Amino acid sequence: MPIFTRRDFLTTAASALALSGLPIRGNAAEIFTSGESKVVALSDGSFSFPADFWLGATDAEKDQLGNPVVIGANVYVYRANGRVFLFDAGAGNAAFITSQFDTVGRLPRDLEAAGIAPESITDVVITHMHPDHFGGVVFDGAPLFPNAKIHINDREWAFWTRKGFAADAPDQLRPMVASVQQTADLVADAVTTHSGEADLGGGVIVQPAFGHTPGHTVMLIDLGSERLLILGDTVVSDHIHFAHPHVGWALDLDPVNAEATRRRLLDLAATDRLLVAGNHVTKPGLGRVERRGSTFNFVPI
Ligand SMILES: [Zn+2]
């Protein structure tokens with residue numbers, strides 16, 4: 001049974017000011033509380049992509065997406081047991097991003113508006129190392145979260161940091177790989193890798209969700225009365241990937257496994273009545289998944 005309705009959420013957001021010790025100001029952040037733990041949804045901005053990036057979508061499905069397609073860039077903060085987790089770090093402001101997108105890189109501003117100091121973040125948990133999720137661990141050329149461990153799947157870290165990858169990657173990937181490797185160099189001392197399913201403590205478990213990238217992970221967070229699944233890029237656009245999970249995404253490195261992973265996780269979320277959060281789902285990206293025959297429906301909260 002859902003414990004939060006939209007109205008509950010709004011009143012909770014207001015009353016949480018006094019309770020949380022994590023002040024929320026303005027509209028920059030929204031919060032869920034469950035017992036002592038808190039989840040805040042922040043935004044790094046938004047992206048626009050051509051509808052053709054959703055591979056295999058019919059013309060009618062593309063019409064549902066719009067063109068260009070605007071997708072969210074959500075980032076989540078979870079505070080519990082003396083730790084402050086950040087789930088993905090946004091895009092940052094490296095040239096690779098700023099030369100293509102002027103609508104992202106806003107996480108530092110959103111953190112400030114929410115009264116969350118980057119120094120207070122103890123753990124940054126990365127779903128995968130694409131620049132829009134990992135790039136933001138660096139801002140203005142320096143690590144943004146000086147006191148945080150950065151948790152990354154070992155396969156993901158090895159894939160992107162392989163010596164020579166920036167030179168031997170396919171032409172169209174080379175600038176991205178170079179940017180990821182520059183970011184990785186700047187934060188390597190703070191990175192701690194994990195294998196397979198890993199318990200990071202504080203109620204946070206990372207699980208392999210390979211396909212989009214070789215070491216893509218999702219996070220399952222035990223909020224006490226609820227469990228929250230952060231989907232990373234297993235879903236890119238709530239307008240299509242729940243109802244049409246067969247549709248691919250141009251940046252999936254292994255499309256077959258990406259689809260299988262998407263179906264598996266949406267099925268899990270529907271069966272276990274999980275709260276889900278999607279980095280690219282319409283802001284703030286929180287909701288539940290219902291089964292519709294062999295596909296799914298997203299119910300935003
Ligand atoms: Zn992404």
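A few remarks follow.
- Filter result for A28 (at pLDDT 85 or above, touching a helix residue (DSSP H, G or I) at 6+ places or on another chain (Cβ under 8 Å), of a type in the set (G, A, S) and surrounded by 12 or more Cβ atoms within 10 Å (Cβ to Cβ)): no
- Residue within the stretch 80-94 that is buried (at least 21 other Cβ atoms within 10 Å of the Cβ), modelled with pLDDT under 95 and closer than 20 Å to A277 by Cβ present: yes
- One residue from V289, V235 being modelled with pLDDT of 95 or more and within 14 Å of the ligand (Cβ to nearest atom): V235
- Any hit, the stretch 48-68, residues being within 30 Å of T33 (Cβ to Cβ), buried (at least 19 other Cβ atoms within 10 Å of the Cβ) and within 16 Å of the ligand (Cβ to nearest atom): no
- Here is the figure for the stretch 282-301: residues that are of a type in the set (V, I, T), in contact (Cβ under 8 Å) with a residue 24 or more places away in the chain and part of a strand (DSSP E or B) total 2.
- The set of residues in the stretch 239-256 being out of contact with any helix residue (DSSP H, G or I) (no Cβ under 7 Å at 6 or more places or on another chain) and within 14 Å of the ligand (Cβ to nearest atom) consists of L251, L253.
- Residue in the stretch 212-234 that is nearest to the chain's Cα centre (by Cα), counting only those that are in a loop (DSSP other than H, G, I, E, B) and surrounded by 23 or more Cβ atoms within 10 Å (Cβ to Cβ): L231
- Criterion (more than 16 Å from the ligand (Cβ to nearest atom), free of Cβ contacts under 8 Å to residues at least 60 places away in the same chain, surrounded by fewer than 15 Cβ atoms within 10 Å (Cβ to Cβ) and over 26 Å from V281 (Cβ atoms)) met by exactly one of A166, A117: A117
- Tally of residues being more than 15 Å from the ligand (Cβ to nearest atom), in contact (Cβ under 8 Å) with a residue 60 or more places away in the chain and more than 17 Å from N74 (Cβ to Cβ) across the stretch 205-222: 1
- Residue satisfying all of: in the stretch 126-151; hydrophobic (A, V, I, L, M, F, W, C) and within 15 Å of the ligand (Cβ to nearest atom); farthest from the chain's Cα centre (by Cα) among these: V137
- Lone unmet requirement of (1) more than 25 Å from K283 (Cα to Cα); (2) surrounded by fewer than 18 Cβ atoms within 10 Å (Cβ to Cβ); (3) not small (G, A, S) for L200: (2)
- Residues that are part of a loop (DSSP other than H, G, I, E, B) and more than 14 Å from the ligand (Cβ to nearest atom) within the stretch 270-281 comprise D272, R273, L274, listed in sequence order.
The values are calculated or read from the model by the stated rules, or taken from the named source; none is laboratory data. Because the structure is a prediction, the values reported are computed rather than measured. Note that we place each Cβ from the backbone using ideal geometry, even for glycine, and neighbour counts take in every protein chain shown.
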